[in-house]
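Below you'll find the structure, written out as structure tokens, and then a few comments.
Nothing in this text is a laboratory measurement; each read-out follows from the coordinates by a stated rule. Model, not experiment: these values are computed from the prediction. Cβ sites come from the backbone with ideal geometry, for glycine too, and all protein chains shown count toward neighbours.
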Amino acid sequence: MTAEKIYIKPATIDEAISMAYAHKDDFCYVAGGTDVLVNKYQGNKECSCLIDITDITELKSIHADAGNVKIGALVRLDDLKNHKVLAENFPGLLIAAHEVASPMLRKTATLGGNILCENRCSFYNQSEWWREAVGYCLKCEGDVCIATGGKKACFSKFVSDTVPVMISAGATIEICDIEGTEIVGLETIYTGDGIKPRNLKDTAIIKNIILPLGNDYKIVFKKLRPRQAVDFTSLTTAVSLDKDNNIRIVIGGVDPKPVLICGTAGDAKEGFIKKALAKTRVVDNDFYSRKYRREMLALFIEQSLDELLK
Ligand SMILES: Cc1cc2nc3c(=O)[nH]c(=O)nc-3n(C[C@H](O)[C@H](O)[C@H](O)COP(=O)(O)OP(=O)(O)OC[C@H]3O[C@@H](n4cnc5c(N)ncnc54)[C@H](O)[C@@H]3O)c2cc1C
């Protein structure tokens, strides 16, 4: 493990991006640090320059107007519940945020960091000596996936709890880089490749998460994990119904990316479940078996649709 050599704390987005370009290929942005620092000290991901973005004031607020709620990427997960418009329009997001980790972590962790938190796998998120003993894996210097024995694909799991809810509510994100700012659908930043799970440039900064108002989303959130605190997800589902009877099912914890399935309230439940099982690449890289997680996936979707459509 290399000790970090440079620690910088820019005050603006532009400053952060220019520092990132100056240390390109060997830096990492830090927000709450609850993911970056664990990965760093475990030896999973190292860099010699940390760019701490927590002094950037413009990333810290929540603004609502008639059309949208804009949540700054540095808003802490525990602070989401204090915003009235969010509580009224997206209670599902507050439930999901409350399911992340533990009280202390939620007071430190940010929404932007949750969107970009690293994929996980029982064979990758281990200490350096543990990984060395098993010969490493595809995501970490090895040439075979320990979960599947394959040499091509890494199936490390997408684990953010808030992202499925936000995608189910039609979220977009505002991204800044040296070329300027763009707004993209949240689901479009995930690649499905466990080794490089996102197609964002390393230098890019998420400025805001934008949730559209006026669709009257009702969202049911469910999470499977061994203990009711601290544990990462083994399966997350967020199922939404909007005022035009559109259904969006977003699945996390079982594939390298969040899996989105769209339909309408009139579609058969069995059809949604069949699509969910076909689209998610569940492998044995978790506390629970592949078989059990697939059974629970079917059950979560059935229960969520029943709750929404009763
Ligand atoms: C014990 C433990 C349990 C956990 N349990 C859960 C859980 O149940 N569910 C869950 O979802 N997560 C869990 N986490 C992971 C993590 O705590 C959360 O995902 C958290 O929201 C990450 O936010 P952060 O601000 O600490 O991110 P950081 O660690 O600061 O950053 C995470 C990543 O995002 C990048 N980043 C952060 N902000 C920005 C930005 N604005 N623009 C560009 N890049 C940015 C960083 O460079 C880094 O790559 C757990 C972590 C621990 C240690």
Handout entry: Residue within the stretch 111-130 that is surrounded by fewer than 17 Cβ atoms within 10 Å (Cβ to Cβ) and either among the aliphatic types (A, V, I, L, M) or under 28 Å from residue 217 (Cβ atoms) (or both) present
Key = no
Practice task
Kindly check whether there is at least one residue in the stretch 18-41 that is buried (at least 19 other Cβ atoms within 10 Å of the Cβ) and touching a Phe, Trp or Tyr at 6+ places or on another chain (Cβ under 7 Å).
Solution key: yes
Exercise for the section: Filter the stretch 72-114 down to residues that are of a type in the set (Val, Ile, Thr) and under 21 Å from residue 10 (Cβ atoms) and give me whichever is farthest from the ligand (Cβ to nearest atom). Expected result: 75
Fill in the blank from the handout: Filter the stretch 243-278 for residues that are touching a strand residue (DSSP E or B) at 6+ places or on another chain (Cβ under 8 Å) and acidic (Asp, Glu); the one that is farthest from residue 154 (Cα to Cα) is 267
Exercise for the section: Could you run through the stretch 150-202 and say how many residues are of a type in the set (D, E, K, R) and either buried (at least 20 other Cβ atoms within 10 Å of the Cβ) or under 15 Å from the mean Cα position of the chain (by Cα) (or both)? Expected result: 6
Practice task
Taking residue 183 as meeting all but one of (1) more than 11 Å from the ligand (Cβ to nearest atom); (2) free of Cβ contacts under 8 Å to residues at least 12 places away in the same chain; (3) hydrophobic (A, V, I, L, M, F, W, C); (4) more than 17 Å from residue 256 (Cα to Cα), write down the number of the exception.
Solution key: (2)
Problem - Considering residues of the stretch 205-226 that are within 10 Å of the ligand (Cβ to nearest atom) and crowded, with 21+ Cβ neighbours inside 10 Å only, the residue farthest from residue 14 (Cα to Cα) - result: 223
Practice task
For residues that are within 13 Å of the ligand (Cβ to nearest atom) and more than 24 Å from the chain's Cα centre (by Cα), tally how many sit in the stretch 20-48.
Solution key: 1
Problem - Subset of the stretch 99-108 (residues that are closer than 14 Å to residue 164 by Cβ and touching a helix residue (DSSP H, G or I) at 6+ places or on another chain (Cβ under 8 Å)) - result: 100
Practice task
Could you check the stretch 1-97 for helices (runs of 4 or more DSSP H) lying wholly inside it with 2 or more residues that are without any contact (Cβ under 8 Å) to a residue 24 or more places away in the chain, out of contact with any helix residue (DSSP H, G or I) (no Cβ under 7 Å at 6 or more places or on another chain) and within 22 Å of residue 139 (Cβ to Cβ)?
Solution key: 36-41
